[in-house]
Amino acid sequence: MSQSAETLSIEKLSKMMAKQDIAMLVTRHGDDSAVRPMSNNREVEFDGDTHFFTRADTTTVDDIKAHDRVSVTYQDTEDDTFIVLTGTASLHTDRDTLEEHWKDELSNWFEDGLETDGLTLVRVDADRVHYWIGRKEGELTL
């Protein structure tokens, strides 16, 4: 049986999420699920939404267009912490939004930077955060 954890603030969750470079984005893929790693470059300022870059010609984008409900998972085995965001994904390609969230380190994935053909920002607006710290768990509804 799990124990309740203290309710964490969004600020505390943000700091915990920022420790992890890779999150796992879960989308609905037909009648199944698809899970893929996404980099946050440890640049998380979580206030209920999180952002990842991809390309327009990916199954990630196709999945979100078909079903916008997604989950994002973060894992820190060193601190025995797990965080799962559940929310609605949206896709953005306008230059101002891309520039707002672009970090130079993303050029490791997108060699042409902001000029990458089909560059797309995935924004996940979380409405629920479930977390585990050791054997204690908690949930935050946004």
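Once fully extended, how much extra length lies between Ala18 and Thr88, figured as 0.36 nm per residue of separation less the alpha-carbon to alpha-carbon distance?
23.1 nm is the gain from fully extending Ala18 to Thr88.
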Rounded to the nearest 5, the percent of DSSP beta bridges in the chain running antiparallel is 95
Compute log10 of I(q)/I(0) for the chain with the Debye formula, placing one identical point scatterer on every Cα and leaving out solvent, at q = 0.15, 0.16 Å⁻¹, to two decimals.
-0.75, -0.84
How long is the gain from Asp57 to Arg36 if the chain were fully straight, where each residue apart is worth 0.36 nm and the alpha carbon distance is subtracted?
6.1 nm
Normalised by the number of residues in region 3-141, what is the relative contact order in percent for Cα pairs under 8 Å and 6+ residues apart?
29
Can you tell me the FRET efficiency between Arg28 and Asp80 if r is taken as the Cβ-Cβ distance and R0 is 35 Å, rounded to the nearest 0.05?
0.75
Rough spin-label spacing in nm, given labels placed 7 Å along Cα→Cβ, for His101 and Glu139
2.6
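Please give the calculated 222 nm ellipticity per residue for the chain, where each DSSP H segment of at least 4 residues contributes -39500 (n - 2.57) and the sum is spread over every residue; nearest 500 deg cm²/dmol? Could you put the intermediate results ahead of the total?
Working: 3 runs with 24 residues, N = 142.
Value at 222 nm, helices only: -4500 deg cm²/dmol.
Here, each number is a calculation from the coordinates, and none is a lab measurement. This one's a predicted model, so the numbers in the text were calculated from it and none came from an experiment. A quick note on method: Cβ atoms are made from the backbone with ideal geometry, for glycine too, and the neighbour counts reach across all protein chains shown.
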